[in-house]
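Student: The structure under discussion is supplied below as structure tokens; questions concerning it will follow.
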Amino acid sequence: MSDTEIHEEAPAVAPEDLSAAIEALLMVADQPLATVTIAQTLGIPLAHAKDAIDALRADYDGESGGTRRGFELREVGGGWRIYSREEFDDLVRSMLHDYSPQRLSQQALETLAVIAYKQPVTRSQVSAVRAVNVDTVMRTLVARGLITEHSTDPETGAIFYQTTPLLLEYLGIESLEQLPPLSPLLDDGRSGFDDVEH
């Protein structure tokens with residue numbers, strides 16, 4: 001796809017609004033946004049989108065003379081997302097812990113159990129085990145700091161999730177090896193898990 005084709009697919013964004021427009025897209029996206037998607041959505045050439053993203057990342061990192069922000073722009077899963085900086089993870093987790101209701105729904109507990117025993121695992125794998133859509137529940141668990149992104153499949157862009165140390169703290173255990181075995185009535189204690197492909 002050429003820059004001209006991308007430019008013609010959507011009304012162009014004014015140059016002075018380009019950074020703000022990209023930020024608006026990144027703030028509402030529920031998955032990483034590819035550079036080409038950003039260019040198509042904003043009706044700008046791909047090269048302009050790349051330059052604008054590089055400028056945003058440098059701005060967030062304080063490279064353009066400003067103050068480094070508490071968030072950063074990362075390329076993951078073939079696209080771009082805004083994340084809080086890693087050094088502030090404990091601070092963010094503490095805030096979420098203090099201000100989020102601590103009771104988890106049955107659906108959240110079941111989803112958390114699947115992740116704890118199968119991790120790292122994707123949303124689709126958890127959905128396959130539970131036979132229901134788990135998108136909302138997984139977002140809740142991420143927001144509460146109980147699960148986090150582990151890695152991204154380089155071929156599909158699917159995000160793998162794992163539990164966090166905060167879960168161990170809540171459960172009062174030091175490692176996942178202390179989790180109780182699954183019901184002995186299940187084959188090898190893991191039936192229904194191993195048949196879900198990574």
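Values quoted throughout were computed directly from the atomic coordinates according to the rules given, and no laboratory measurement underlies them. Here the structure is a predicted model, which is why all the values come from computation and not from measurement. For neighbour counting, all protein chains shown are included, and Cβ atoms are generated from backbone atoms with ideal geometry for every residue, glycine included.
Student: Stokes-Einstein at 20 °C, 1.002 mPa s, Kirkwood radius from Cα pairs: D for segment 47-174 in µm² s⁻¹?
Tutor: Using the Kirkwood radius from Cα pairs, D works out to 131 µm²/s.
Student: How large is the direction-averaged shadow of the alpha-carbon convex hull of segment 3-84, in nm²?
Tutor: 5.2 nm²
Student: Can you list, bin by bin at 10 Å, the percent of alpha carbon pairs in segment 101-189, starting at 0?
Tutor: In whole percents, the pair-distance histogram is 16, 50, 30, 4.
Student: Assuming R0 = 25 Å, what is the FRET efficiency of Asp17 and Arg85, from their Cβ-Cβ distance, to the nearest 0.05?
Tutor: The formula returns an efficiency of 0.45 here.
Student: Under the classification rounded if a/c is under 1.5, otherwise prolate if a/b is larger than b/c and oblate if not, where does segment 41-82 fall, given a ≥ b ≥ c as square roots of the Cα gyration tensor eigenvalues?
Tutor: It is oblate, given that a/c is not under 1.5 and a/b is not larger than b/c.
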